[in-house]
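Have a look at the structure below, then the notes.
The values are calculated or read from the model by the stated rules, or taken from the named source; none is laboratory data. In this text, all values refer to a predicted model and were calculated from it rather than measured experimentally. Here the Cβ is made from the backbone with ideal geometry for all residues, glycine too, and neighbour counts use every protein chain on show. Remember, those area values only see protein heavy atoms, side chains included, never the ligands or the DNA or RNA. Shrake-Rupley method; radii C 1.70, N 1.55, O 1.52, S 1.80 Å.
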Amino acid sequence: MGKMKASIDILNEAAQLNPKDWEIVYTKGLAYYHLQDYQSAIDCLQQSNSISIHENNILLLAKTHEARQEYKKAIEVYRLGLQHYVEHPEFLVQIGLIYIRLGDSNNASQVLAQAVEISPKDFSALLALGSILQDRGDIDGALAKYRVPSQENPASAQLWNNIGMAFYAAGKLIAGISCLKKAQYLDPFEWTISFNLGLLHMSANQYASAFHYFSSAINLKPDFSDSYMYLGLALFRLDDFKNACIAFEQGLRLERSYRILLNYTIVLLMKQQNVEHAKELFLESEKLLEREPSLVEFTDDAPVQRRLL
């Protein structure tokens, strides 16, 4: 940090000698960005743009707005860049990724499709488009989008994770597990891959393996409540009721979510233990559902489970 501040002092002196040098002001903005002084970074980068608009300026200024969660301003910056760099796929891809983050898949698809028209092998654009199609349930379309990236960049853990989950959605568990294991080999510290491997092994009724992968996901990201819920379900299937309850309780300490409450209720009732506690959990889940009925959409078998109760 001390070196960054010292470099800013030197850059200030350089700017006094040459106030029209955009690169000096840009470098000062970069230093402020690394210091997480985002407002100062924005001021410098806007000043640099007023001198001369360059690709690096646009990318860093938009990235700084994203760091402040100012997504609409980031999009405006990228669109300014497109006025000067008309066919710049990276600007389009970044706009598309922001739209995905904002939940606007329609605009994201349009912008990403433009990027692919300009650069048909653009890895990020094809990966993002495939992810959108996958979320919409178009598994064949998603796998088609992933075909080119798998040839261009076969060492991408994110790509193989997505392909693995596409096979999972298509009911091809063995192929899905194979792809996810490849993803884990490429990035062993990405918790989502371990979590997804746990899901596939649960679906394959391989509960000991599921326990292993959910435990790994928890070690890598201990604050994700669903990992504890699925760990509890795996332990329950392994006839370890005591530790299953401990896992559910830990998940509830992190988040009083509808899914955890409902699944914990079912586990308790199936064992006919702590029935009063099960009733309390069920009533709490019903209150959550009254406030937000859409919750049932994210728990595929919730209607069936609730009828059983």
Inset, instruction - For D223 and A204, calculate 0.36 nm times their separation in residues minus their Cα-Cα distance, and state this gained length in nm to one decimal. - result: 4.2 nm
Legend entry - At least 27 Å along the helix axis (C-alpha) and Kyte average at least 1.0, DSSP helices within the chain: none
Legend entry - Inter-label distance, nm, simple model (7 Å from Cα along the C-beta direction), E280/K63: 5.0
Inset, instruction - Find, among the trypsin sites (Lys or Arg not before Pro) in region 135-178, those assigned to loop by DSSP (not H, G, I, E, B) with at most 13 other beta-carbon atoms within 10 angstrom. - result: R136
Inset, instruction - Give K181/K221; K28/K73; K28/K72; K3/K63; K182/K221; K182/K271 a once-over and call out the pairs whose C-alpha atoms are over 26 Å from each other. - result: K182/K271
Inset, instruction - Starting from one equal scatterer on each C-alpha and no solvent at all, send me the Debye-based log10 I(q)/I(0) for region 36-140 at q = 0.12, 0.16, 0.22 Å⁻¹, two decimals. - result: -0.41, -0.69, -1.11
Legend entry - Ranked order, L283, L102, L180 - accessible area, probe 1.4 Å, largest first: L283, L102, L180
Inset, instruction - In whole angstrom, note down how far apart the Cα centers of region 74-100 and region 6-49 are. - result: 23
Legend entry - Qualifying chymotrypsin sites (Phe, Trp or Tyr not before Pro) in region 139-207, DSSP loop, other Cβ atoms within 10 Å at most 14: F189
Inset, instruction - Report, in debye and to the nearest 20, how large the dipole of the chain comes out about its Cα centre when Lys and Arg carry +1 and Asp and Glu carry -1 on their Cβ. - result: 520
Legend entry - Range in the chain, longest, excluding exposed GluC sites (Glu not before Pro) [loop by DSSP; at most 16 other beta-carbon atoms within 10 Å]: 88-254
Inset, instruction - Compute the length gained on full extension between K242 and M270: take 0.36 nm times their separation in residues and subtract their Cα-Cα distance, giving the result in nm to one decimal. - result: 8.7 nm
Inset, instruction - Classify region 162-221 as rounded, prolate or oblate from the Cα gyration tensor: take a ≥ b ≥ c as the square roots of its eigenvalues, call it rounded if a/c is under 1.5, otherwise prolate when a/b beats b/c and oblate if not. - result: oblate
